[in-house]
Amino acid sequence: MALLEIQQLSRRFGGLRAVDDVSFSVPEGIIKAVIGPNGAGKTTLFNLIAGNLPLSAGSVSFKEKRISGLKPFQIASKGISRTYQSIKLYLGMTALENVMVGCHTHSSAGFLAGMFNLPWTWKEEKQIREKSMELLSLLDIAEFADTEATSLAFGQQRAVELARALASEPELLLLDEPAAGLNIYETARLAELITKVRDRKITVLLVEHDMSLVMDISEEIVVLSFGRKIAEDTPHAIQTNREVVRIYLGEDDDA
Amino acid sequence: MGLKKYIPIPILLLAVVAIQLTTHYTETPFYLTQLTMSAYYALLVTGLCLVMGYAGQISLGHAGFFAIGGYTSAALTTFNFTPVKDHAVLRFFDKFHLLMTTEDMFGDILLNFHPWAACVIAIIVTIIIAFAIGIPVLKLKGHYLAMATLGFGIIIYRIVLATEFFGEADGISEVPGFNVLPGVSVNGDFDARIQNYYIAWTLVTIGLVLLLNLIHSRVGRALRAIHGAEDAADAMGVDTAGYKLNIFVISAVFASIAGIFLTHYNGGIGPSEAGVMKSVRYVAIVAIGGMASLWGALVMAVGLSFLSLRGMFGSYDDAVFGAILILIMLFAPDGLLRLHYLDKVKRFFRKTEDIS
């Protein structure tokens with residue numbers, strides 16, 4: 001059964017078709033990658049799925065329910081979490097606090113419970129804190145728990161962002177260029193992590209430029225070019241796909 | 001759990017008592033009047049601090065909410081409703097004993113709202129207006145939001161200035177005392193000065209505890225996340241629009257309660273309380289307190305309001321607050337009471353030691 005179903009999705013910016021009639025599905029429990037040259041519409045596609053951009057046509061369904069048209073926070077509470085190409089951590093908050101915000105969808109203390117510090121919220125807070133520490137440990141950054149997240153090194157910031165996304169216990173994790181700016185060791189570690197995440201029954205959809213990473217870990221690949229889907233296949237088949245090779249080598253014979 | 005956040009509360013209470021005792025033994029009890037008024041302004045400022053420093057939104061309209069509370073309460077407790085006492089609305093309130101009759105100096109019977117009823121109605125009115133304004137306005141960001149809330153403040157100011165019911169330029173005077181509890185009355189009588197000083201500070205303390213709790217809760221974390229990276233907060237399931245609206249309304253209620261109590265304490269309210277410069281002043285105080293510092297906002301609100309009420313700034317009152325805003329934004333955008341200033345001072349002394 002497909003966890004995420006994208007049907008004839010389009011998004012225009014004025015005359016530009018950033019995403020043009022794209023359809024594909026993400027089966028449950030796999031790692032799927034979206035690749036394509038710069039400007040192919042990958043990040044736009046992510047923003048459409050996560051609800052950050054309204055779509056021009058088509059639909060996005062999650063667990064057989066239409067999610068397009070919902071607000072980002074509603075989509076998040078349905079079980080889709082994400083990271084950003086340009087890291088977006090909360091300024092002025094520690095690494096631990098950043099991850100704790102990730103637990104938002106699975107906790108419930110509201111304004112009144114908070115203002116009156118109701119006893120039942122104490123237990124919830126404790127659980128949030130423990131779970132967040134566990135995730136920081138899982139990503140080897142527990143020692144930076146009380147450091148302001150935005151002052152960490154780049155790779156560590158990526159890890160905090162990933163921990164935050166995992167804290168929301170998503171069923172689908174959207175990773176927007178998770179390897180950007182990482183060195184080869186960090187990238188290898190990331191590959192290991194993503195596989196570990198998948199083993200936790202979390203489906204992963206990632207956008208990535210690093211071909212070795214994509215080919216290593218993903219089970220299916222979608223290739224976009226100028227907003228259109230030009231191929232969808234296994235890594236091996238994609239590597240030998242003539243159209244894909246043509247795009248990546250920049251050969252241009254049909255103007 | 002997490003009792004650390006309450007540590008400054010007993011210190012605050014000790015300071016409050018110490019100041020009262022000092023004024024008693026130095027025979028300067030007149031300071032208590034301004035300290036009481038400053039406390040109510042501090043209540044408003046701490047509420048605004050949550051909107052600005054934690055949720056990262058700005059409001060240049062909080063004097064408007066202060067005025068809505070003060071004016072509603074003042075009008076309902078002073079306006080003589082006798083001519084319309086058979087109206088269905090008033091009969092409804094009368095049924096629940098929310099009205100009371102008093103006799104004026106000419107022996108005429110006046111029909112007014114009981115202060116408690118007026119207080120509750122004022123808060124409800126504030127909540128309704130805060131929602132009505134907040135829903136469209138909080139969609140804006142940055143200086144657009146500042147301008148929109150400024151517009152709201154100007155509207156409230158012009159309404160109270162032009163409405164006969166609100167006393168036009170004279171405002172409303174002869175507002176009766178507010179018997180909060182039997183034997184506990186908010187009024188400006190000389191012999192009730194000490195009592196009122198403690199009423200005001202009790203209210204501030206309650207407000208502080210509620211806000212401290214909120215800051216250190218799941219909601220407080222979400223608010224700071226909105227401040228830190230709004231779309232990432234949204235992506236983690238935080239209903240950013242709803243949270244911003246709620247905190248805006250809560251701070252409006254704080255402003256309104258401050259307005260209600262101060263109006264009963266002063267025995268009246270005038271249009272200057274609704275003025276735009278008042279809103280600017282509150283924003284300046286939050287800024288100088290360090291934006292995301294409840295305690296900084298409290299200390300600065302009391303200190304600066306006290307100096308202003310004592311007339312220390314003379315006729316340059318508004319100019320002083322304007323200047324403070326400019327200087328803070330230029331030289332200490334984190335506020336004056338930040339620890340790194342202490343560090344700087346420490347470092348300064350350490351250096352001189354090393355040299356010697």
Sort through B:GLY167, B:GLY228 and tell me the only one that's modelled with pLDDT under 90, open to solvent by less than 50 Å² (accessible area, probe 1.4 Å) and over 22 Å from the mean Cα position of the chain (by Cα). B:GLY167
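Residues are listed down the side, and each one gets a yes or a no for (1) closer than 23 Å to A:GLU232 by Cα; (2) in contact with a Lys or Arg (Cβ under 9 Å, 6 or more places away or on another chain); (3) away from every other protein chain (no Cβ under 11 Å):
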position: A:ILE35; (1), (2), (3): yes, yes, yes
position: A:LEU45; (1), (2), (3): yes, yes, yes
position: A:LEU55; (1), (2), (3): yes, yes, yes
position: A:SER68; (1), (2), (3): yes, no, yes
position: A:GLN74; (1), (2), (3): no, no, no
position: A:TYR90; (1), (2), (3): no, yes, no
position: A:THR94; (1), (2), (3): no, no, no
position: A:GLY102; (1), (2), (3): no, yes, no
Going through B:LEU150, B:LEU140, B:LEU145 one at a time, which residue ends up being under 19 Å from B:ILE247 (Cα atoms) and part of a loop (DSSP other than H, G, I, E, B)? B:LEU140
Long-range neighbours under 6 Å by Cβ, at least six apart or interchain, first residue in contact (Cβ under 8 Å) with a residue 12 or more places away in the chain and aromatic (Phe, Trp, Tyr) within region A:138-158, second crowded, with 16+ Cβ neighbours inside 10 Å and not in a helix (DSSP H, G or I): A:PHE144/A:LEU152
Just to be sure before I move on: is B:LEU203 more than 8 Å from chain A (Cβ to nearest Cβ) and open to solvent by 30 Å² or more (accessible area, probe 1.4 Å) in the structure I sent? yes
Options B:LEU211, B:LEU262; residue that is within 11 Å of chain A (Cβ to nearest Cβ), in contact (Cβ under 8 Å) with a residue 60 or more places away in the chain and among the hydrophobic types (A, V, I, L, M, F, W, C): B:LEU211
Being more than 17 Å from B:ALA258 (Cα to Cα), part of a helix (DSSP H, G or I) and open to solvent by less than 10 Å² (accessible area, probe 1.4 Å) is the filter here; which residues of region B:53-83 pass it? B:GLY53
If you take the residues of region B:261-280 that are in contact with a Phe, Trp or Tyr (Cβ under 8 Å, 6 or more places away or on another chain) and closer than 14 Å to B:TYR40 by Cα, which of them is surrounded by the most Cβ atoms within 10 Å (Cβ to Cβ)? B:THR263
Failed item in (1) at positive phi; (2) in contact with an Asp or Glu (Cβ under 9 Å, 6 or more places away or on another chain), with B:ALA63 passing the rest: (1)
Odd one out for A:SER61 among (1) open to solvent by 10 Å² or more (accessible area, probe 1.4 Å); (2) out of contact with any Asp or Glu (no Cβ under 6 Å at 6 or more places or on another chain); (3) away from every other protein chain (no Cβ under 13 Å): (2)
Members of region B:102-137 found to be over 30 Å from B:ASP239 (Cβ atoms) and either surrounded by 15 or more Cβ atoms within 10 Å (Cβ to Cβ) or touching a Phe, Trp or Tyr at 6+ places or on another chain (Cβ under 9 Å) (or both), listed by number: B:LEU110, B:LEU111, B:ASN112, B:PHE113, B:HIS114, B:PRO115, B:TRP116, B:ALA117, B:ALA118, B:CYS119
In this structure, does B:ARG221 turn out to be farther than 21 Å from B:LEU14 by Cβ and either assigned to a helix (DSSP H, G or I) or among the small types (Gly, Ala, Ser) (or both)? yes
Residues of region B:245-257 satisfying the condition of being buried (at least 24 other Cβ atoms within 10 Å of the Cβ) and either at pLDDT below 95 or at the interface with chain A (Cβ under 7 Å from one of its Cβ atoms) (or both): none
I'd like to verify a number: residues in region B:214-244 that are more than 9 Å from chain A (Cβ to nearest Cβ) and of a type in the set (A, V, I, L, M, F, W, C), how many? 1
For residues in region B:84-101 being of a type in the set (Val, Ile, Thr) and in a helix (DSSP H, G or I), which is surrounded by the most Cβ atoms within 10 Å (Cβ to Cβ)? B:VAL84
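Quick check on region A:107-120: of everything there that is under 30 Å from the mean Cα position of the chain (by Cα) and at the interface with chain B (Cβ under 7 Å from one of its Cβ atoms), which residue is farthest from B:GLY242 (Cα to Cα)?
Ranking the candidates gives A:SER107 first.
Which residue out of A:VAL197, A:VAL214, A:VAL223 is within 29 Å of A:ALA18 (Cβ to Cβ), outside the structural domain of A:GLY102 (by TED's automatic domain parsing) and free of Cβ contacts under 8 Å to residues at least 60 places away in the same chain?
A:VAL197
The values are calculated or read from the model by the stated rules, or taken from the named source; none is laboratory data. Note that the coordinates shown come from a computational prediction; the quantities given were computed from them, not determined experimentally. A quick note on method: Cβ atoms are made from the backbone with ideal geometry, for glycine too, and the neighbour counts reach across all protein chains shown. Only protein heavy atoms, including side chains, enter the accessible area calculation; ligands, DNA and RNA are left aside. Shrake-Rupley method; radii C 1.70, N 1.55, O 1.52, S 1.80 Å.
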